[in-house]
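Asks: One structure is given below, represented as structure tokens, and several questions about it will come after.
The values are calculated or read from the model by the stated rules, or taken from the named source; none is laboratory data. In this text, all values refer to a predicted model and were calculated from it rather than measured experimentally. Because the Cβ atoms are built from the backbone with ideal geometry, glycine has one as well, and the counts that use them run over all protein chains shown.
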């Protein structure tokens, strides 16, 4: 790995994003609009927004980072820029780490903005720390980047890349405890949900909304999510090939 | 001195051998023209030399090291047929990015922009450039680090004759500075500027040597006629 290459690549990726005002507006505006609708929708049910709000907030970076990573890296593959980089003294890890770092910035930006809107304007409450919720959501975004890197290597077109999103993300959203608490999932599904990173993100966010103490469950959820993120990014890195057919 | 040595190279693409048992020596410091009709395996051969192509069998050595290995990656500049640029950022930001990746100093960027006559386009978005301008930028990026070996895949395709002349002047200059250049084209006339010639046809190398030798051997001044004569001779055998 070369810090010079990674730094240059991060600057280049963020420059590309910065130029694309529409994408930036969607990145911040779309989840905000959805949270506003959610808060309004649940306004007549006491305590409901507090129950769902933080967990849904944490799902956004996973979905968004998955989409932008898979499309951005696929663009590098199809435009020939990845091949050019692979013909130079650039390692595969330089490339994937650059994307992970750049998109963590975007995840932090998105989650911070969204937290501000939810906690300051929409009246979402938490007994724990907002910083922890931002941190957990950012980890979740990084997991999305890992999934995105891997799925873009399976996809041949942007069209296919986007199709991978429901396959990878929907089961996670269904089984993460948002609809049915994970302890009440039927046999078999509970075990599957144990293998999905989003489950741990939601567990951790649930802990973060009820307390400030770092309990065993809380720490183990966060570290399991961290472990998943790390492994996903490594898998993502191995899907980048120097030589292609 | 041999700078690129290829032994028994075979490359398979889509269950077909698109490069078949090729043996080559490419001499240091010369311009070698890789000529042949479209689809004869030129690009695949070049990608193999650069080290980005999966090969079926054979070996390729660049300056004595295996192609694609860490040691030689910085010594091989590659310009592919696709411009391989970031369209949504400016010329300056594209070339600046690759300069940072390669650890090249800032004044070299200006040298390259001068050489490729892109100074007036520094601030333009690459997406707004014409095909010829993109080709020049892509070439500029591949020569940034002054690599010893330059692999240029159809760098003059679709450019106007004036620019073509200019580009060949750039290539001659690079060759005089000691760079080894391998330049492909499906236009046989481009052999005019090359010292050495490799003629390819359906995955095979039909001639590899100096241009003067090719002309003597076939008694043809025109490379296209020489190409036809060699193919006919091979088929008679």
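Asks: Only one residue in A:58, A:72 is touching a residue at least 24 places away in the same chain (Cβ under 8 Å) and within 14 Å of chain B (Cβ to nearest Cβ). Which one? Even if it seems obvious, please write down each step before you answer.
Replies: On the way: A:58 fails: within 14 Å of chain B (Cβ to nearest Cβ).
The conditions single out A:72.
Asks: Can I ask one more? Filter segment B:51-71 for residues that are part of a helix (DSSP H, G or I) and either facing chain A (nearest Cβ under 8 Å) or surrounded by 23 or more Cβ atoms within 10 Å (Cβ to Cβ) (or both) and give the result.
Replies: Filtering segment B:51-71 down to residues part of a helix (DSSP H, G or I) leaves B:70-71.
Once the filter is applied, which keeps residues that are part of a helix (DSSP H, G or I) and either facing chain A (nearest Cβ under 8 Å) or surrounded by 23 or more Cβ atoms within 10 Å (Cβ to Cβ) (or both), segment B:51-71 yields only B:70.
Asks: Between B:80, B:138, which is out of contact with any helix residue (DSSP H, G or I) (no Cβ under 8 Å at 6 or more places or on another chain), within 13 Å of another protein chain (Cβ to nearest Cβ) and under 17 Å from residue B:185 (Cβ atoms)?
Replies: Numbers: B:80 fails: out of contact with any helix residue (DSSP H, G or I) (no Cβ under 8 Å at 6 or more places or on another chain).
Exactly one of B:80, B:138 is out of contact with any helix residue (DSSP H, G or I) (no Cβ under 8 Å at 6 or more places or on another chain), within 13 Å of another protein chain (Cβ to nearest Cβ) and under 17 Å from residue B:185 (Cβ atoms), namely B:138.
Asks: Please count how many residues of segment B:80-102 are in contact (Cβ under 8 Å) with a residue 24 or more places away in the chain and either in the same structural domain as residue B:26 (by TED's automatic domain parsing) or under 22 Å from residue A:13 (Cβ atoms) (or both). Can you show your working first?
Replies: As a first pass, look at segment B:80-102 and keep what is in contact (Cβ under 8 Å) with a residue 24 or more places away in the chain: B:80-81, B:83-92, B:94-95, B:98-99, B:102.
With either in the same structural domain as residue B:26 (by TED's automatic domain parsing) or under 22 Å from residue A:13 (Cβ atoms) (or both) added as a condition, the list becomes B:80, B:83-92, B:94-95, B:98-99, B:102.
Result for segment B:80-102: 16.
Asks: Go through A:5, A:63, A:90 for me and flag whichever is within 14 Å of another protein chain (Cβ to nearest Cβ), modelled with pLDDT under 95 and surrounded by 15 or more Cβ atoms within 10 Å (Cβ to Cβ).
Replies: Numbers: A:5 fails: modelled with pLDDT under 95; A:63 fails: within 14 Å of another protein chain (Cβ to nearest Cβ).
Going through A:5, A:63, A:90 in turn, the sole match is A:90.
Asks: Return only the number of the condition from (1) buried (at least 21 other Cβ atoms within 10 Å of the Cβ); (2) in contact with a strand residue (DSSP E or B) (Cβ under 6 Å, 6 or more places away or on another chain); (3) outside any helix (DSSP H, G or I) that residue B:138 does not satisfy.
Replies: Failed condition: (3).
Asks: For the list (1) surrounded by fewer than 16 Cβ atoms within 10 Å (Cβ to Cβ); (2) within 21 Å of the chain's Cα centre (by Cα), I need the number of the one condition that residue A:38 fails.
Replies: (1)
Asks: Counting only residues that are touching a helix residue (DSSP H, G or I) at 6+ places or on another chain (Cβ under 6 Å) and farther than 24 Å from residue B:171 by Cα, how many does segment B:202-225 have?
Replies: 3
Asks: Something else now. In segment B:85-131, what count of residues is obtained for those that are under 21 Å from residue A:86 (Cα atoms), outside any helix (DSSP H, G or I) and within 9 Å of chain A (Cβ to nearest Cβ)?
Replies: So the count comes out to 6.
Asks: Shifting gears a bit: From B:159, B:126, which residue is farther than 24 Å from residue B:3 by Cβ and modelled with pLDDT under 90?
Replies: B:159
Asks: Looking at (1) surrounded by fewer than 24 Cβ atoms within 10 Å (Cβ to Cβ); (2) within 12 Å of chain A (Cβ to nearest Cβ), can you tell me which one residue B:48 breaks?
Replies: (1)
Asks: If the requirement is being at pLDDT 90 or above and not assigned by TED's automatic domain parsing to the domain that holds residue B:2, which of these qualifies: B:139, B:115, B:182, B:152?
Replies: B:139
Asks: Just to be sure I understand the filter: pairs with C-beta atoms under 7 Å, separated by 6 or more residues or on different chains, first member in segment B:19-35 and outside the structural domain of residue B:194 (by TED's automatic domain parsing) and closer than 13 Å to residue B:201 by Cα, second member in a strand (DSSP E or B) and at pLDDT 95 or above. Which pairs pass?
Replies: Correct list of pairs: empty, since none qualify.
Asks: Which condition number in (1) crowded, with 17+ Cβ neighbours inside 10 Å; (2) outside any strand (DSSP E or B); (3) facing chain A (nearest Cβ under 10 Å); (4) at pLDDT 90 or above is the one that residue B:11 fails?
Replies: For residue B:11, the exception is condition (2).
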